[in-house]
Amino acid sequence: MSMKKNSFKRQLAVVVCMLLCGLSIQAADDGLITDQIVINKLEAGTLPQRISSDEKNLITNLKINGEINGTDLRFIREMAEGSAYVYEPPKGNLSILDLSGARIISGGDYYYNFFYTKNDELGDCAFFGCNGLTSVTLPSSLTSIGNSAFDGCSGLTSLTLPSSLTSIGYMAFFGCSGLTSLTLPSRLTTIGDDAFGRCYSLTSVTLPSSLTSIGNSVFESCRGLTSVTLPSSLTSIGNCAFEGCGGLTSLTLPSSLTSIGYRAFASCSGLTSLTLPSSLTSIGTGTFEGCGGLTSLTLPSSLTSIG
């Protein structure tokens, strides 16, 4: 009798949530809600009122249309096995998140360790450690992704970056080992150090024509990386930028390149040939250390410094 009563209570909770929130819910055998839940016309700070506490940790697929602030982002983090506090245990089962119809605005509570939202920015550590996320579509108005925003999201396999994006912060996708390919938007001008470090499964990257420099350790230890398209506007490659990318076999360096940093291609054991452009003036210390497959290299007459 007790089991039947509990089952009835759960069904009643689902019906009430559908009536209050306008949600269409289909529960799986294990209790998880697998249908996409769509929240329309969200007013910033009200997501905790739009999704009941009973359903919060059962939702696996969520789409939000409207405005979100720190209070809402904190709630989403908790749904995606994250927490507002480092010492709290994982909570939810959210794996697919679609924010294409949402806009991030300032205000509300802090979403993680006293970080607060700002207009059109995905702030530092926004989804840090949310390793239950597998697919994320970001707001179309987003201009920047903060430091460690997706750091440690090892389950992330699909990511859609908006065309409005201009900057990606330090360690933004560090350790996102499930990412296999990535297209960076054409307006992107800044990629922070270690941004894609240890994305082991990443096989191909196309860098936008707006990019003039690759920072330190941006693709360090991306051992699955076999294809990289560098823009013609590129002038510098930072320290350790491609260190440990053993899957790279060839790379075309643009004619605009003037400097290659310390250990930039160290341990790129699969690299067999490389043509250095005539614009190059400096090569850092240990740049090609451990490149056992490299059989020939022509140094340009413009070169003034070899580390």
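Using Cα atoms only, what is the angle between the long axis of helix 2-21 and the major principal axis of the chain, expressed in degrees (0 to 90) to the nearest 10?
70
Which of rounded, prolate or oblate describes segment 179-280 when judged by the alpha-carbon gyration tensor and an a/c cut-off of 1.5? Intermediate values should be presented prior to the final figure.
Values: a/c = 1.44, a/b = 1.09, b/c = 1.32.
Cα axes put segment 179-280 in the rounded bin.
Top to bottom by accessible area (1.4 Å), largest first, where do Leu294, Leu225 land? Before the final figure, lay out each step's value.
On the way: Leu294 40, Leu225 0 Å².
Final ranking, largest accessible area leading: Leu294, Leu225.
Is the shape of the chain rounded, prolate or oblate, going by the alpha carbon gyration tensor and its root eigenvalues a ≥ b ≥ c, with a/c under 1.5 for rounded and a/b larger than b/c for prolate? Let's see the in-between values first.
Numbers: a/c = 3.10, a/b = 2.38, b/c = 1.30.
It comes out prolate by the Cα gyration axes.
Heavy atoms only, probe 1.4 angstrom, no DNA, RNA or ligands counted: give me Thr235, Thr117, Thr304 ranked by accessible area, highest first.
From most exposed to least exposed: Thr304, Thr235, Thr117.
Considering only the other residues whose Cβ falls under 13 Å of the Cβ of Phe219, what net charge follows from Lys and Arg at +1 and Asp and Glu at -1?
On the way: positive: Arg198, Arg223, Arg263; negative: Asp193, Asp194, Glu220, Glu243.
Local net charge: -1.
Identify, among Phe127, Cys245, Leu280, the residue whose Cα sits farthest towards the positive end of the charge dipole of the chain, taking +1 on the Cβ of Lys and Arg and -1 on the Cβ of Asp and Glu, with the dipole about the Cα centre.
Positive-most Cα among the choices belongs to Phe127.
Using the Cα centre of the chain as the reference point, and only Cβ charges (+1 on K/R, -1 on D/E), how large is the resulting charge dipole? Debye, rounded to the nearest 20. Before the final figure, lay out each step's value.
On the way: 17 positive and 22 negative charges, 87 e Å.
Using only the charged Cβ atoms, the result is roughly 420 debye.
Can you compute the modelled spin-label distance between Thr160 and Gln49, with each label point 7 Å from Cα toward Cβ, in nm?
Going from the Thr160 label point to the Gln49 one covers 2.9 nm.
I need the shape label for segment 245-306. Rule: rounded when a/c is under 1.5, else prolate if a/b > b/c, else oblate, with a, b, c from the alpha carbon gyration tensor.
Numbers: a/c = 1.92, a/b = 1.51, b/c = 1.27.
It is prolate, given that a/c is not under 1.5 and a/b is the larger ratio.
Could you pull out the GluC sites (Glu not before Pro) across segment 202-300 that fall in loop regions by DSSP (anything but H, G, I, E, B) with no more than 16 other Cβ atoms inside 10 Å? Please report the intermediate quantities before stating the final value.
Working: sites: Glu220, Glu243, Glu289; in loops: Glu220, Glu243, Glu289.
The qualifying sites are Glu289.
Each label point is 7 Å from the Cα along the Cα-to-Cβ direction; what then is the distance between the points at Asp35 and Leu299, in nm?
For the pair Asp35/Leu299, the computed spacing is 6.8 nm.
I'd like the orientation of helix 70-79 relative to the chain: the angle between its Cα long axis and the longest Cα principal axis, in ° from 0 to 90, rounded to 10.
Roughly 90 degrees, rounded to the nearest 10.
Just to confirm, what accessible area per residue do you get for segment 104-230 at 1.4 Å probe, in whole Å²?
Details: 4570 Å² over 127 residues.
Result: 36 Å² per residue.
The values are calculated or read from the model by the stated rules, or taken from the named source; none is laboratory data. Note that this is a predicted model, so its numbers are computed, not measured. We place every Cβ from the backbone using ideal geometry, glycine too, and count neighbours over all the protein chains shown. Heads up: the accessible areas ignore ligands, DNA and RNA and are worked out on the full protein's heavy atoms, side chains in. Shrake-Rupley method; radii C 1.70, N 1.55, O 1.52, S 1.80 Å.
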